[in-house]
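*Asks:* A single structure is presented below for examination.
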Amino acid sequence: MTSSPVSASAAPSRRRWLTLAIVGIAQLMVVLDATVVNIALPSAQADLGFSDGDRQWVVTAYSLAFGSLLLLGGRLSDLFGRKRTFIVGLIGFAAASALGGAAPDFGVLVAARALQGVFGALLAPTALAVLTTTFTIPKERARAFGVFGAIAGAGGAVGLLLGGFLTEALDWRWNLYINVAFAIAAIVGTLIFVGRVESDGPRPRLDLPGTVLVSAGLFGVVYGFAQAETAGWGSPLSWIPLTAAVVLLTAFVLWQRRAGHPLLPLAILTDRNRSAAYLSILIAGASMFGIFLFVTYFLQATLRFSPIQTGLAFLPMVAMLVLAAQLSTNLLFPRLGAKVMVPIGMVLGAGGMLLLTRLTVDSVYASDVLPGLVLLGLAMGSIMPASMQTATLGVDRHFAGVASAMVNTSQQVGGSIGTALLNTIAATATTAYLTDHLSDGPSAIGPAAVAGYTTAFTWGAAFFAGGAVVAALLFRRRTRVSATPPQVADGASEPLVVG
């Protein structure tokens, strides 16, 4: 007998929270994988014997596949069902991780990282769509998004901690093998606790032209900024992909206006609150990647922290992020809305970055690094859950996957932009310092590096300050459920059924 879909509100509470735990494991696996491998790179390079020039591809292969395929992954979850897509994503991510862990050479490792990106692009938006369609009661939705937003914001720091521990205690390969354990736990939980998804009509067709245009465009964005980081902004490897990306993404928008089955209905983007949320996530993502990158450099190169010590140094930020996420989603966001919470978070982020601009070669962690990290944790805990909840609020359930994919796309593109810009700014500042202090000889190298970091933190503060202005202007005074995107004529898959 075919059971009718059960609404989220009618589902047993215990099952809903177990679903949140399962989704949280999957989200943590995807987010931390962007940083956990960074700690392992020196060991992997020594083991497999690849060059410094090739090293970036271990990171870039993942971000290219992940960033360019996110919208497709989100739409596939809409078309083929959340649970089915979720399990496929978990299995594929685990298999790719196992392949990377067992890689006998550089080529296999890079191919495995690309495959991780492919299945991560399937998994990440599906996880958020599961959450969106499972938690519909406002109070429960707030709590769930508080947890999910904390994971999304803290995953990078957790990756640094886990990467340091695994690399020192075991072997660099365990930074990849660990995903197999995460995936198995999530797969078993999904099979036991997550009910099946039912379709309410014929499956709509996939927008193939739109998929090609947006995937190629996002590939150009991520690739262009990655090349700008290493080859410079004047290199054809940088500006040609970025120019092509602008053309392709413009063509994508024009195509979506006339497509019968659009990949991304433009009503999702034209909602003012939702657009403000996507922009806030992009800006926060650009700034946060700078935090992890340059604070890690400072701790390891200047303060001589070990990988494990570096990971532990980020724990206070994670604790503050989790605390702020719970306070904002359960107490503050329902009363104040995104128009207040997100700008407050951006201002806190700017303050945290400004504290980090005071760093010198003689700085110590407790008095000079910790206060900035605490403020930045509070900032991300205020920005991410509120923005994520607003970005997915009121979206038609048939488009929950692709709307969720836009959240991940905003964060990924923001990270790519932030990493490239801040790296370029830091390198320029370091070079300028060395030029001005030629007489100091080798003793100028340490202060020059710190000058580069602090200049990057200054610009990170400017990103946050600009984000505060954008959020204050764009968000409406009260969060309202926007008009849903137009229904597809021939139906789509139902939301996740928990029961």
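The values are calculated or read from the model by the stated rules, or taken from the named source; none is laboratory data. Note that the coordinates shown come from a computational prediction; the quantities given were computed from them, not determined experimentally. Heads up, the Cβs are rebuilt from the backbone with ideal geometry, glycines too, and the neighbour counts pull from every protein chain shown.
*Asks:* On the basis of being buried (at least 23 other Cβ atoms within 10 Å of the Cβ), aliphatic (A, V, I, L, M) and either over 25 Å from VAL322 (Cβ atoms) or modelled with pLDDT under 90 (or both), does VAL402 make the cut?
*Replies:* yes
*Asks:* Would you call ALA121 in a helix (DSSP H, G or I), buried (at least 24 other Cβ atoms within 10 Å of the Cβ) and among the hydrophobic types (A, V, I, L, M, F, W, C)?
*Replies:* For ALA121, the condition - in a helix (DSSP H, G or I), buried (at least 24 other Cβ atoms within 10 Å of the Cβ) and among the hydrophobic types (A, V, I, L, M, F, W, C) - is met.
*Asks:* Can you tell me which of (1) buried (at least 24 other Cβ atoms within 10 Å of the Cβ); (2) at pLDDT 90 or above is the one THR455 doesn't meet?
*Replies:* Every condition holds for THR455 apart from (1).
Every residue, every condition in (1) at pLDDT below 85; (2) of a type in the set (Ser, Thr, Tyr); (3) touching a helix residue (DSSP H, G or I) at 6+ places or on another chain (Cβ under 6 Å); (4) farther than 30 Å from GLY394 by Cα, yes or no:
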site	(1), (2), (3), (4)
LEU90	no, no, yes, no
ALA103	no, no, yes, yes
PHE106	no, no, yes, yes
LEU109	no, no, yes, yes
GLN116	no, no, yes, yes
THR136	yes, yes, yes, no
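*Asks:* Being touching a Phe, Trp or Tyr at 6+ places or on another chain (Cβ under 8 Å) and without any contact (Cβ under 8 Å) to a residue 60 or more places away in the chain is the filter; apply it to region 96-117 and report the residue that is farthest from VAL23 (Cα to Cα).
*Replies:* Looking at the filtered set, the residue picked out is PHE106.
*Asks:* Do we have THR167 as out of contact with any Cys (no Cβ under 7 Å at 6 or more places or on another chain), hydroxyl-bearing (Ser, Thr, Tyr) and closer than 30 Å to ASN330 by Cα here?
*Replies:* No: the conditions fail for THR167.
*Asks:* Would you pick out the residues in region 414-444 that are in contact with a Phe, Trp or Tyr (Cβ under 8 Å, 6 or more places away or on another chain) and either farther than 22 Å from ALA228 by Cα or of a type outside the set (A, V, I, L, M) (or both)?
*Replies:* GLY414, GLY415, SER416, GLY418, THR419, THR424, ALA444
*Asks:* If we scan region 173-183, do we find a residue that is exposed (fewer than 15 other Cβ atoms within 10 Å of the Cβ), modelled with pLDDT of 85 or more and outside any loop (DSSP other than H, G, I, E, B)?
*Replies:* yes
*Asks:* Further, regarding this structure: Please go through region 275-303 and give me each residue that is of a type in the set (S, T, N, Q) and touching a residue at least 40 places away in the same chain (Cβ under 8 Å), ordered by number.
*Replies:* SER275, SER280, SER287, THR296, THR302
*Asks:* When you look at ALA144, is it touching a residue at least 24 places away in the same chain (Cβ under 8 Å), surrounded by 24 or more Cβ atoms within 10 Å (Cβ to Cβ) and within 14 Å of the chain's Cα centre (by Cα), yes or no?
*Replies:* On the way: touching a residue at least 24 places away in the same chain (Cβ under 8 Å): yes; surrounded by 24 or more Cβ atoms within 10 Å (Cβ to Cβ): yes; within 14 Å of the chain's Cα centre (by Cα): no.
No.
*Asks:* Looking at ALA471, ALA427, ALA462 in this structure, which one is hydrophobic (A, V, I, L, M, F, W, C), under 22 Å from ILE283 (Cα atoms), surrounded by 21 or more Cβ atoms within 10 Å (Cβ to Cβ) and under 33 Å from the mean Cα position of the chain (by Cα)?
*Replies:* ALA471
*Asks:* Assess whether ARG335 counts as being touching a residue at least 24 places away in the same chain (Cβ under 8 Å), of a type in the set (D, E, K, R) and out of contact with any Lys or Arg (no Cβ under 6 Å at 6 or more places or on another chain).
*Replies:* When the stated conditions are applied, ARG335 does not pass them.
*Asks:* Could you list, in sequence order, all residues of region 331-352 that are in contact with a Leu (Cβ under 7 Å, 6 or more places away or on another chain) and among the aliphatic types (A, V, I, L, M)?
*Replies:* Correct list: MET341, LEU348.
*Asks:* Within region 307-325, identify whether any single residue is under 19 Å from ALA471 (Cβ atoms) and surrounded by fewer than 24 Cβ atoms within 10 Å (Cβ to Cβ), and answer yes or no.
*Replies:* Checked against the condition, which is being under 19 Å from ALA471 (Cβ atoms) and surrounded by fewer than 24 Cβ atoms within 10 Å (Cβ to Cβ), region 307-325 yields no hits at all.
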